[in-house]
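Everything on this sheet refers to the single structure shown next.
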Amino acid sequence: MKPDIHPNYHMIKVVMTNGVEFMTRSTYGEPGATLNLDIDPNTHPAWTGGSQQLLDRGGRLSKFNSRFANLGIGKK
């Protein structure tokens, strides 16, 4: 392994939007830095698998469904 090519990996404090704090290892900032999250992973649909429905805007979803219909992934 080449020396001095990897970033500094150290402990930082992460503060979630609800005020919960925890320590983790990261390459963010300097040792002891604080990372304040803007988006809460406990409630955001990207992490919780929210039940958001796909909307067909400008026919893009219909175009996808017709293009890949034979693969069985476009329609339920």
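Since every read-out is calculated from the coordinates, none of them should be taken as a lab result. Remember, it's a predicted structure, so these values are computed and weren't measured experimentally. A quick note on method: Cβ atoms are made from the backbone with ideal geometry, for glycine too, and the neighbour counts reach across all protein chains shown.
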Of ILE5, THR17, PRO31, whose Cα points farthest to the positive end of the dipole of segment 1-42 (charges on the beta-carbon: +1 Lys, Arg; -1 Asp, Glu; origin at the Cα centre)? ILE5
Segment 1-42, Rg to Rh (Cα coordinates; Rh as Kirkwood inverse mean 1/r): 1.11
Förster radius 35 Å - calculated FRET efficiency between PHE22 and ARG67, Cβ distance, rounded to 0.05: 0.20
Please compute the length gained on full extension between VAL14 and ILE39, using 0.36 nm multiplied by the number of residues separating them and subtracting their Cα-Cα distance. 7.8 nm
